[in-house]
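J.: For reference, the structure I am asking about is given below.
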Ligand code: ZN
């Protein structure tokens with residue numbers, strides 16, 4: 001619930017996981033704000049009663065401690081923050097590995113702190129397991145952890161019971177330790193301790209939307225949107241966005257998705273949004289309701305099967321909308337305010353100038369990730385407008401920012 005309040009100070013909103021729902025799980029989201037606290041919480045519901053109850057207990061505990069101890073900033077120009085987010089791995093169909101991150105900012109601490117809490121649960125036997133239960137050689141693990149601790153000037157002589165805070169993926173085992181309010185981690189290569197190929201099949205990693213993505217609603221925002229892809233230029237465009245800590249929204253065609261499945265996963269894992277742009281670019285307003293549903297549903301299914309993500313927005317082909325289209329889908333129809341005319345201009349500098357000279361806070365910009373010159377234009381536009389103070393966010397994030405700003409008036 002976003003409460004109305006008088007807007008006195010600059011507010012940092014941490015958006016997390018809100019728009020990237022995975023199908024295998026449910027995500028609980030709590031957002032709360034008033035004049036002195038900002039709380040954003042996401043946690044997973046795995047379907048296992050014991051594990052889910054323990055996750056809820058942990059999150060509630062963090063929430064209560066925060067509300068009782070850390071709320072109310074002593075400096076008038078800032079507010080306390082609690083942000084909880086998570087990642088989630090499934091190991092060999094048997095184990096669920098969950099990590100909960102809690103970011104706490106308060107005048108009780110000089111610097112914000114991030115706490116790490118992990119769970120490794122054997123869902124076949126309905127019990128928690130320690131890392132020593134799953135690694136091939138626990139002694140080697142302890143020895144290696146000790147060596148690393150000594151190098152960090154930390155106390156060694158660990159036994160395995162202390163190694164209960166860890167997160168495993170295909171590449172790394174990350175073990176978390178804390179002293180006072182500080183957490184530190186040790187990273188070991190997974191392959192040295194687990195035969196991932198042979199005995200663990202593969203570890204499936206599911207990540208929440210990029211953790212602690214910080215958007216300042218008091219500063220200008222823009223949503224770049226790309227239609228008609230993916231194409232051979234799309235990956236490059238995502239690279240450019242990543243280099244600039246920027247995100248965009250890609251309205252893709254279902255019939256191109258399988259050819260670029262890696263690109264789609266890269267897109268979503270980099271914090272971008274995927275929207276639906278029909279299966280093969282049919283003029284949707286000239287189709288029957290059944291045909292429209294077929295165009296959209298097929299595309300939803302393909303995106304879901306590749307990325308696990310189900311889009312919630314669509315861009316009508318040719319920007320054409322009628323009641324039949326509106327009534328044939330639950331997806332939100334997204335148009336644009338600024339047209340790059342990239343298909344016509346065919347020149348990166350002209351495209352960049354046109355956009356840079358015409359954008360305003362809150363605009364949605366139409367481009368196509370199917371042209372080389374558009375990719376080149378993104379290289380110019382994104383750093384230039386970031387310098388001018390703009391933040392590049394996804395369409396769904398833009399919707400949330402607009403909602404937040406409306407609530408504030
Ligand atoms: Zn199109």
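Read-outs throughout are calculated quantities, based only on the coordinates presented, and are distinct from any laboratory measurement. These numbers come from a predicted model, not from an experiment. Note that we place each Cβ from the backbone using ideal geometry, even for glycine, and neighbour counts take in every protein chain shown.
J.: Beyond 19 Å, what share of the Cα-Cα pairs of the stretch 236-353 is found? Please give it as a whole percent.
T.: Numbers: 3510 of 6903 pairs.
Percent of Cα pairs beyond 19 Å in the stretch 236-353: 51.
J.: Just the number, please: Stokes-Einstein D of the stretch 312-409 in µm²/s, Kirkwood Rh from C-alpha pairs, 20 °C, 1.002 mPa s. Could you put the intermediate results ahead of the total?
T.: Numbers: Rh = 15.0 Å.
The estimated diffusion coefficient comes to 142 µm²/s.
J.: If you take the square roots of the eigenvalues of the alpha-carbon gyration tensor of the stretch 105-195 and sort them as a ≥ b ≥ c, do you get rounded (a/c under 1.5), prolate (a/b over b/c) or oblate? Before the final figure, lay out each step's value.
T.: Numbers: a/c = 2.11, a/b = 1.39, b/c = 1.52.
Oblate.
J.: Another question, if that's okay. How do 82-94, 113-125 rank on mean C-beta neighbours within 10 Å, highest first? Don't skip to the end; give the middle numbers.
T.: Numbers: 82-94: 20.2, 113-125: 17.5.
Going by the mean number of other Cβ atoms within 10 Å, highest first, we get 82-94, 113-125.
J.: In percent, what relative contact order does the stretch 240-377 have, based on Cα pairs under 8 Å that are 6 or more apart in sequence?
T.: Values: 200 pairs, mean separation 26.6, N = 138.
Reported as a whole number, the value is 19 percent.
J.: Let me ask another. Would you mind calculating the relative contact order of the stretch 289-366 from Cα pairs under 8 angstrom and at least 6 residues apart, reporting the percent as a whole number?
T.: Working: 65 pairs, mean separation 21.2, N = 78.
Computed value for the stretch 289-366: 27 percent relative contact order.
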